[in-house]
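The values are calculated or read from the model by the stated rules, or taken from the named source; none is laboratory data. Quick caveat: nothing in here was measured; it's all calculated off a predicted structure. Cβ: placed from backbone, ideal geometry, glycine included. Neighbour counts: every protein chain shown. Protein only, heavy atoms only, side chains kept; ligands, DNA and RNA dropped before computing areas. Shrake-Rupley method; radii C 1.70, N 1.55, O 1.52, S 1.80 Å.
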Amino acid sequence: MTQSAASRRQFLKTSAAAAAGLAVAPAFIPSTAFGANERIVTGHIGLGGQGRGNLGKFVKNAVAICDVDSKHAEQAAKIVKDKAGTECEIYGDYRKVLDRKDIDAVVISTPDHWHALPTIHACEAGKDVYCEKPLTLTIVEGRKIVDAARSNKRIVQTGSQQRSSSNFRKACELVRSGYIGKLQQVLVGIPGPNHPGKPDPVSDPPAELDFDFWLGPAPQRPYVKNHVHYNFRFFWDYSGGQMTNWGAHHIDIAHWGMGMDDSGPLSVDGEATFHPQGWHDVTETCRITYAYPNDVTMIVGQGQKDIPGGTTFIGEKGKIFVNRGKFTATPDEIGKIELTSSDVHLYDSNHHHNNFLDCIKSRELPICDAEIGHRTATACHLGNISCRLGRKIAWDAKGEKIVGDDSEASALVSRPYRSPWELT
């Protein structure tokens, strides 16, 4: 189903009216007072593999399921029925979920090109949002999301769940407390693309998939079976490859350890290889050097033998490596240090999804607020832009713009939307 310009204007008018009723509330004060045991009601948009995984964390909260693939929607509704014993309404258009007055929050687990519009529209409709990482497809989308969250006083949690894991928090606290000395370099290792192989032939989409809605704001393309669902991440129209997939996780931790959650790099210089037959159009390998304030360098490596998968902090007195289920320090004594009251203690969350629910009630910013998700995604996007251009670019993190008269690079901080979809 494709949205008409008229229906979109009506939707925005309705959403604006709903949001206007909340405008008098102070920032981050709930529009609804939740009791300690009161259920927060969720709607779920995008129910592929990651979407069903997220649904499992909110299964007792869910009342609405939305996916442009009816099979995904039916599978998700069955999960809720089996685990919670309740029925979910199924939708093919996310705007119908946002129209429901009984829904407090939405969980967005769509492909990357469908993150910005549902998140912004949800904020305008007075819903809090849990949105998967990377938060955006483009840099401009990220600032639009943050603005929507702030102006509508909404909680927006980015699904960068490594922040809610104790080993990542420990690594960043030790680094920011100075236990490896002055931070000099950060290494970020990401995997190569587990791409779908040779493209399937062009065909008609299956009956269960509304392919035009799946494309949404992305360019018009014919249906190719192994370009959709999980494989969207290997095609530039919809994603940024492993740079925005795993890079969004590990660069997020790098930013946390560097204290760069509200800033970004000064320059980005990347080189990359791409698939020789063009089976996908994101990087096969890359090596990207970022210059940050305080003379810190971050190097992101894909297919680089000297950069292990995960995040490595290197200082004058030692180094710390952290990944999922892994933590090592050199020398070993650094990893055994117990923080004192005068050391840096970071946001303590041990469950990313519950942190979102807690913040809906408290109206405190979540551990990976929209601003944080936007800044992490920006670093990922800048790396991809540099790799695609094959040259260094300078970045003004405060003004969020390419430095200098570089129209070619500046054009890539955003992308045109396919009509009638608009980013306003």
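Any residue in the stretch 80-95 that is in a loop (DSSP other than H, G, I, E, B), in contact (Cβ under 8 Å) with a residue 60 or more places away in the chain, open to solvent by 20 Å² or more (accessible area, probe 1.4 Å) and more than 17 Å from Trp421 (Cα to Cα)? Full working, then the answer.
Here is the first cut: in the stretch 80-95, the ones in a loop (DSSP other than H, G, I, E, B) are 85-88, 92-93.
Now drop any that are not in contact (Cβ under 8 Å) with a residue 60 or more places away in the chain, which leaves 92-93.
Remaining after also requiring open to solvent by 20 Å² or more (accessible area, probe 1.4 Å): 92.
Then keep just the ones that are more than 17 Å from Trp421 (Cα to Cα); that gives none.
No, the stretch 80-95 contains no residue that is in a loop (DSSP other than H, G, I, E, B), in contact (Cβ under 8 Å) with a residue 60 or more places away in the chain, open to solvent by 20 Å² or more (accessible area, probe 1.4 Å) and more than 17 Å from Trp421 (Cα to Cα).
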Just one of the numbered conditions (1) assigned to a strand (DSSP E or B); (2) in contact with a Gly (Cβ under 7 Å, 6 or more places away or on another chain) is not true of Gln157; which one? (2)
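Do the conditions hold for Thr283, that is, is it of a type in the set (S, T, N, Q) and surrounded by 22 or more Cβ atoms within 10 Å (Cβ to Cβ)?
Details: of a type in the set (S, T, N, Q): yes; surrounded by 22 or more Cβ atoms within 10 Å (Cβ to Cβ): yes.
For Thr283, the condition - of a type in the set (S, T, N, Q) and surrounded by 22 or more Cβ atoms within 10 Å (Cβ to Cβ) - is met.
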Out of contact with any His (no Cβ under 9 Å at 6 or more places or on another chain) and closer than 30 Å to Gly404 by Cβ: which single residue out of Thr289, Thr312, Thr328, Thr340 fits that description? Thr289
Can you give me the number of residues within the stretch 365-419 that are part of a loop (DSSP other than H, G, I, E, B), touching a strand residue (DSSP E or B) at 6+ places or on another chain (Cβ under 6 Å) and within 21 Å of Ile120 (Cβ to Cβ)? 2
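Please verify whether Thr312 is crowded, with 16+ Cβ neighbours inside 10 Å and in a helix (DSSP H, G or I), treating the condition exactly as stated.
Details: crowded, with 16+ Cβ neighbours inside 10 Å: yes; in a helix (DSSP H, G or I): no.
No: the conditions fail for Thr312.
State whether the residues of the stretch 256-268 include one that is assigned to a strand (DSSP E or B), at pLDDT 95 or above and open to solvent by less than 30 Å² (accessible area, probe 1.4 Å).
Let us first name the residues in the stretch 256-268 that are assigned to a strand (DSSP E or B), namely 267-268.
With at pLDDT 95 or above added as a condition, the list becomes 267-268.
Narrowing further to those that are open to solvent by less than 30 Å² (accessible area, probe 1.4 Å): 267-268.
Yes, because at least one residue in the stretch 256-268 is assigned to a strand (DSSP E or B), at pLDDT 95 or above and open to solvent by less than 30 Å² (accessible area, probe 1.4 Å).
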Might you let me know whether the stretch 393-409 holds any residue that is open to solvent by less than 30 Å² (accessible area, probe 1.4 Å) and under 19 Å from the mean Cα position of the chain (by Cα)? yes
Considering each of His121, His44, His113 in turn, give the residue that is outside any loop (DSSP other than H, G, I, E, B), of a type outside the set (Lys, Arg) and over 18 Å from Pro217 (Cα atoms). His44
Would you check if there is a residue in the stretch 187-205 being in contact with a Lys or Arg (Cβ under 7 Å, 6 or more places away or on another chain), among the hydrophobic types (A, V, I, L, M, F, W, C) and open to solvent by less than 10 Å² (accessible area, probe 1.4 Å)? no
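Would you confirm whether or not the stretch 328-337 contains a residue that is in a loop (DSSP other than H, G, I, E, B), open to solvent by 10 Å² or more (accessible area, probe 1.4 Å) and touching a residue at least 24 places away in the same chain (Cβ under 8 Å)?
To start, the set of residues in the stretch 328-337 that are in a loop (DSSP other than H, G, I, E, B) comprises 331, 336-337.
Applying the additional criterion that residues be open to solvent by 10 Å² or more (accessible area, probe 1.4 Å) yields 331, 336-337.
Retained after the next criterion (residues that are touching a residue at least 24 places away in the same chain (Cβ under 8 Å)): 337.
Yes, the stretch 328-337 contains a residue that is in a loop (DSSP other than H, G, I, E, B), open to solvent by 10 Å² or more (accessible area, probe 1.4 Å) and touching a residue at least 24 places away in the same chain (Cβ under 8 Å).
State yes or no: is Ile320 out of contact with any Asp or Glu (no Cβ under 8 Å at 6 or more places or on another chain) and open to solvent by less than 10 Å² (accessible area, probe 1.4 Å)? Let's see the steps before the verdict.
On the way: out of contact with any Asp or Glu (no Cβ under 8 Å at 6 or more places or on another chain): yes; open to solvent by less than 10 Å² (accessible area, probe 1.4 Å): yes.
Yes; evaluated as a whole, the condition is true for this residue.
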Checking Pro276 against (1) surrounded by fewer than 16 Cβ atoms within 10 Å (Cβ to Cβ); (2) free of Cβ contacts under 8 Å to residues at least 60 places away in the same chain; (3) within 27 Å of Lys398 (Cβ to Cβ), only one condition comes out false. Which one? (3)
